[in-house]
1. Taking A:Val29 and the conditions (1) touching an Asp or Glu at 6+ places or on another chain (Cβ under 7 Å); (2) at the interface with chain B (Cβ under 9 Å from one of its Cβ atoms); (3) of a type in the set (A, V, I, L, M, F, W, C), which numbered condition does it fall short on, given that it satisfies the others?
2. When the residues of the range A:1-28 are filtered to those that are among the hydrophobic types (A, V, I, L, M, F, W, C) and open to solvent by 10 Å² or more (accessible area, probe 1.4 Å), which remaining residue is farthest from the chain's Cα centre (by Cα)?
3. Being of a type in the set (A, V, I, L, M), free of Cβ contacts under 8 Å to residues at least 40 places away in the same chain and within 20 Å of A:Phe142 (Cβ to Cβ) is the filter; apply it to the range B:106-124 and report the residue that is least open to solvent (accessible area, probe 1.4 Å).
4. For the range B:68-75, indicate whether the set of residues that are within 7 Å of chain A (Cβ to nearest Cβ), open to solvent by less than 10 Å² (accessible area, probe 1.4 Å) and in contact with a Leu (Cβ under 9 Å, 6 or more places away or on another chain) is non-empty.
5. Does the range B:40-97 hold any residues that are among the aromatic types (Phe, Trp, Tyr) and within 19 Å of B:Val14 (Cα to Cα), and which are they?
6. Restricting to the range A:12-37, what's the tally of residues that are over 12 Å from A:Glu53 (Cα atoms) and part of a helix (DSSP H, G or I)?
7. Looking at the range B:117-139, which of its residues are at the interface with another protein chain (Cβ under 7 Å from one of its Cβ atoms) and either out of contact with any strand residue (DSSP E or B) (no Cβ under 9 Å at 6 or more places or on another chain) or under 30 Å from B:Lys70 (Cβ atoms) (or both)?
8. Go through (1) outside any strand (DSSP E or B); (2) among the aromatic types (Phe, Trp, Tyr); (3) at the interface with another protein chain (Cβ under 7 Å from one of its Cβ atoms) and name the single condition B:Phe98 misses.
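The values are calculated or read from the model by the stated rules, or taken from the named source; none is laboratory data. Note that the coordinates shown come from a computational prediction; the quantities given were computed from them, not determined experimentally. Here the Cβ is made from the backbone with ideal geometry for all residues, glycine too, and neighbour counts use every protein chain on show. Keep in mind that these areas ignore ligands, DNA and RNA; they rest on the heavy atoms of the full protein, side chains included. Shrake-Rupley method; radii C 1.70, N 1.55, O 1.52, S 1.80 Å.
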There are 2 protein chains.
Amino acid sequence: MPNAFIQQSIEMAVENVHRGGGPFAALVVKDGIVIATGCNQVTRTNDPTAHAELVAIREACRVLGDFQLKGCDLYCSCEPCPMCLGAIFWARPERVFFAATRADAGAAGFEDTLIYEQIAVPHSERSIPMIHVVDPQSGRPFGEWVSQPHKAEY
Amino acid sequence: MPNAFIQQSIEMAVENVHRGGGPFAALVVKDGIVIATGCNQVTRTNDPTAHAELVAIREACRVLGDFQLKGCDLYCSCEPCPMCLGAIFWARPERVFFAATRADAGAAGFEDTLIYEQIAVPHSERSIPMIHVVDPQSGRPFGEWVSQPHKAEY
């Protein structure tokens, strides 16, 4: 069954390409109303984190004055990449709907699948090596956090 | 061997907790010089994507006027979560160094490990369900992208 919000995300993604941006868009919907939209702005804003989903999530949080998307759904023109997937789990919307897949993105030259694969690779063997520096002080930030009496948890 | 940038990230993370933020910090270093720093600002800015690494990456890109961190290293007080890991792969620094682990973060109440585990779960069975909406138009944004002659790739 066609979904109007998904169709809107696809149209927005097409328009974003015509404006010189990447082929991705996303919408945040609450109670049937679009409260925020986002298009890929990586090259326009020199921000590698400005994927459609992150732009839409940040805008929705600004609108709601909250760092959580309780009661919201996210509609994406394409399956979220690992960065956007992580952002979704931190923002905690109710559901995510997407149209194209990571394989579709890969066929158009985007590395989503490669990044998903890298997550399963041991740290030091990744294409960007991740090196664990053992430091006797590494637990201090968490110790301070746990002992804070009135902390804002998230 | 102790690493001065890692030690600095740990100190910044401790200070961020004292200021009411989360227990995480990160630095971007180029040619031995810190060009950007970031602390967790999720609750302060109502932005679930404002993890230390994302804040530092965005700031470094602003400083460099580029959406890539070529020739840069990232130093993190803790192992990056999946969102930050994805951002790192899109920003493409040379290396990432981290002190505490995702298990340390989990022991302090953070869901990094749960999110890593969710990536391996089928879309519809995730704790936030992700629903593939089959739409005959889903390939249009990529079609437009591929056919653009002068596009800014990223």
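1. (2)
2. A:Met1
3. Here the answer is B:Ile115.
4. No, the range B:68-75 contains no residue that is within 7 Å of chain A (Cβ to nearest Cβ), open to solvent by less than 10 Å² (accessible area, probe 1.4 Å) and in contact with a Leu (Cβ under 9 Å, 6 or more places away or on another chain).
5. B:Tyr75, B:Phe97, listed by residue number.
6. Qualifying residue count for the region: 6.
7. Those that are at the interface with another protein chain (Cβ under 7 Å from one of its Cβ atoms) and either out of contact with any strand residue (DSSP E or B) (no Cβ under 9 Å at 6 or more places or on another chain) or under 30 Å from B:Lys70 (Cβ atoms) (or both): B:Gln118, B:Ile119.
8. Just one mismatch for B:Phe98, condition (1).
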